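The values are calculated or read from the model by the stated rules, or taken from the named source; none is laboratory data. In this text the structure is predicted, and so the values were computed from the model without any measurement. Because the Cβ atoms are built from the backbone with ideal geometry, glycine has one as well, and the counts that use them run over all protein chains shown. Note: areas computed on protein heavy atoms with side chains; ligands, DNA, RNA excluded. Shrake-Rupley method; radii C 1.70, N 1.55, O 1.52, S 1.80 Å.
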Amino acid sequence: AFKLGAHEFMEKPLRLIHVRACVRNALEAVRLKQQVSEQERERYPKPVYSTEIMKNLYQQTIRLASIQEPVIIIGPSGAGKELVARALHYDGERCGRPFIPTNAASLPVNLAEDELFGHEKGAYTGAVSRRSGCLERANGGTLFIDEVADLDLQVQAKLLRVLETGVFVRLGGNDPVHVNVRIITATHKNLKELVDKGIFRHDLWYRLCAFILRVPPLSERKKDIPLLANLFLKKASIDMGIEKIFSEEALAQISKHKFPGNVRELKHIVTRAAVFSEKKVIDENVIKLVTDGSLENEINQSHTAKCDYSHLDFKTAKNQFEIDYFSSVLKRNDSNITLTAASIGMAQSNLSRKLKELSIK
């Protein structure tokens, strides 16, 4: 009963003072859960859009929010698939429960099982205690698996069993673990083609594709660009402790960009524009500087940054340096994450997480 959400139990004969205390505590627990849910929701941006295609997308998320079936979100990298997944979670009945995101692309094959299912003490060298995986931590809530197409076939088989039975076994364990988790997945790849090639399990595909949501690239929703740019600029201004706004010409210049990196690239460009603009009003010349590659050329031609970070706080300056550094080494290695990680002496999984954190494609 407790696993299903019971708050307390009472023995007969009932005592009124005990009943009152239990009801009062249960109501307080509900209130606190709602408060935590609202605080968690406020940590993440609400969807911003004006185009019909995005309006239809979020109307679909509202319809699917309260169902328990899996949903797969398809769209290019950086288009905002995780934002759609969060909308599915926070608009549904599980909003007061955990939302646990994980990225299959950043998980080496030997760690993917551990990340999802956890392990028992002694399961392998270094496993000094029991560890709960993402599935267990998401119990009662939602597990979001980004880039699900990159999961190993063996892990796919175990994930399929969880979808069908709600049961799994930790690595090195024998006892079944029961969970009630809604699984939402996302990918930028064509899973149907991967199924035909034998790279992705057909039975898992049919289990995941009960409902499919497609997130369009930014090139198909150009009217959303000014709204998103202003939103990102507002956040960047707050982070830097300064006031910045776009001129109309700057917004028009931004809208001309093709954005192969989608919303993630837009956020990156806006942040750089906020840092490199010396004036309160960001004009089109600054936008040209941060979008046509001339800024990268300046950085590559000098060992010292052309930007004066002295007016920034340490956290913002450090973040901007990391953006410049990782963008540079990625470009030097033709965007090959494996080579980049090896060249800078960094674990590939750590590099992937850092690039996602910095919104670098």
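Sort D224, D196 by accessible area with a 1.4 Å probe, largest first.
D196, D224
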Two pseudo-spin positions, 7 Å from Cα along C-beta at K235 and at D152, lie apart in nanometres by 3.4 nm
Phi-derived 3J(HN,Hα) across region 277-290 with the Karplus relation (6.51, -1.76, 1.60, θ = phi - 60°), rounded Hz, x for Gly and Pro, is 6, 8, 10, 5, 8, 7, 9, 5, 5, 5, 5, 4, 4, 8
Placing each pseudo-label 7 Å from Cα in the direction of the beta carbon, Y325 and M346 end up separated by a distance in nanometres of 0.7 nm
Probe 1.4 Å, all chains present, heavy atoms only: S237 accessible area in Å², nearest 10, is 10 Å²
Two pseudo-spin positions, 7 Å from Cα along C-beta at A127 and at S335, lie apart in nanometres by 3.8 nm
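Using a 1.4 Å probe and counting only protein heavy atoms, arrange K235, K361 so the residue with the most accessible area comes first.
K361, K235
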Longest the chain segment clear of chymotrypsin sites (Phe, Trp or Tyr not before Pro) sitting in DSSP loops (not H, G, I, E or B) with at most 11 other Cβ atoms within 10 Å runs 125-361
Length gained, N174-E69, 0.36 nm per residue minus C-alpha separation, equals 35.0 nm
A correct Stokes-Einstein calculation for the chain, using the alpha-carbon Kirkwood radius, 25 °C and 0.890 mPa s, returns a whole-number D in µm² s⁻¹ of 106 µm²/s
Per-residue ellipticity at 222 nm attributable to helices in the chain (runs of n ≥ 4 DSSP H, -39500 (n - 2.57) apiece, nearest 500 deg cm²/dmol) works out to -15500 deg cm²/dmol
Quotient of Cα radius of gyration and Kirkwood radius for region 43-135, i.e. Rg/Rh, equals 1.08
The farthest towards the positive end of the charge dipole of region 93-213, of the residues A104, L171, I199, given +1 on Cβ of Lys and Arg and -1 on Cβ of Asp and Glu, is L171
quick note, the chain, DSSP beta bridge pairs, % antiparallel (nearest 5) is 20 percent
Rounded to whole angstrom, the alpha-carbon centroid of region 189-250 lies from that of region 43-112 at a distance of 10 Å
